[in-house]
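Heads up: the structure comes next, in structure tokens.
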Amino acid sequence: MRLPLQKAASTTFVLAPAKSAVKFHGLFPGTTTDVLGLMNVLLPPPGGIGSDVRTGKQSSLSASPSWITTLNEQAAQENNQVA
């Protein structure tokens, strides 16, 4: 005889900044839209490589690898995760 599987309780973690953003948007949707529109204006335009396709490995900046990514790079080497 088979017993039905019990449904496991799901848990969702939502951090305080996300909760605050949702509440702020609920109270002031127009202001939220204006702020996000301003952020869009401040971001750099798309482009650089045009319609070409690059892998993540080929996408690097002059600032990387840097001291910030050193531990990540070492772990990738140790785990043979470097292509």
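What follows is calculated from the coordinates using simple rules that are stated; it is not laboratory data. Note that this is a predicted model, so its numbers are computed, not measured. Here Cβ is always computed from backbone atoms with ideal geometry, including for glycine, and neighbour counts include all displayed protein chains.
What to note about this one:
- Karplus 3J(HN,Hα) series, Hz, for the range 20-28 with 6.51 cos²θ - 1.76 cosθ + 1.60 (x for Gly, Pro): 5, 5, 5, 5, 4, 5, x, 7, 10
- Gain upon complete extension [Leu43, Gln81; 0.36 nm per residue less C-alpha separation]: 10.5 nm
- Between Asn72 and Val22, the simple label model (points 7 Å from Cα in the Cβ direction) yields a spacing of 2.7 nm.
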